[in-house]
Amino acid sequence: MAIEIANQTRSNINRSLIERAVKKVLKFAKQEGNVSVVIVGDAAMQKLNKLYRSKNKPTDVLSFSEADSQFPDNTFIGEIVIDWLQIKRQAKILKHSAAWELAFIVIHGMLHLIGYEDETKRGALEMERLGNNLIKKITI
């Protein structure tokens, strides 16, 4: 299993925290495979969100599952793109540390990669419940 982390910002990102969050979800799902995590800023995230979701604004996380690929690779689970500035804003609003919010959003993105969806109220509640349970098992 490999976790590739690409930080495209000038901020110092806690790579160990990201790795622990990814591993916790993979253990929960009883899955093995490679995952890519990319940390970007608002401009890059806004472009991606517009391209893939037709929403012309930044978002906290986008998940790209290998299962949706034209050329599936059994060893690659997918890629998560995270907007670091959005994470910091959300942390402030929700009164969490940026580290806690980052871990929660990594977990959320990973849950998407393994098949969970939050398009319905029921799905969103299930993902939030799982996210809260999994984050308790990570030292932040």
Does region 43-58 contain at least one residue that is under 20 Å from SER16 (Cα atoms), open to solvent by 60 Å² or more (accessible area, probe 1.4 Å) and at pLDDT 95 or above?
-> no
Among the candidates ILE140, ILE77, ILE39, single out the residue that is open to solvent by 10 Å² or more (accessible area, probe 1.4 Å) and touching a Phe, Trp or Tyr at 6+ places or on another chain (Cβ under 7 Å).
-> ILE140
For region 109-125, what are the residues that are under 16 Å from the mean Cα position of the chain (by Cα), of a type outside the set (Phe, Trp, Tyr) and surrounded by 12 or more Cβ atoms within 10 Å (Cβ to Cβ)?
-> GLY109, MET110, LEU111, HIS112, LEU113, ILE114, GLU117, ASP118, ALA124
Please work out which residue is surrounded by the fewest Cβ atoms within 10 Å (Cβ to Cβ), limiting yourself to region 94-108 and to residues that are without any contact (Cβ under 8 Å) to a residue 60 or more places away in the chain and small (Gly, Ala, Ser).
-> SER97
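The values are calculated or read from the model by the stated rules, or taken from the named source; none is laboratory data. Note that the structure is predicted; figures quoted are calculated from it, not measured. For neighbour counting, all protein chains shown are included, and Cβ atoms are generated from backbone atoms with ideal geometry for every residue, glycine included. The accessibility values were calculated without ligands, DNA or RNA, using every heavy atom of the protein model including side chains. Shrake-Rupley method; radii C 1.70, N 1.55, O 1.52, S 1.80 Å.
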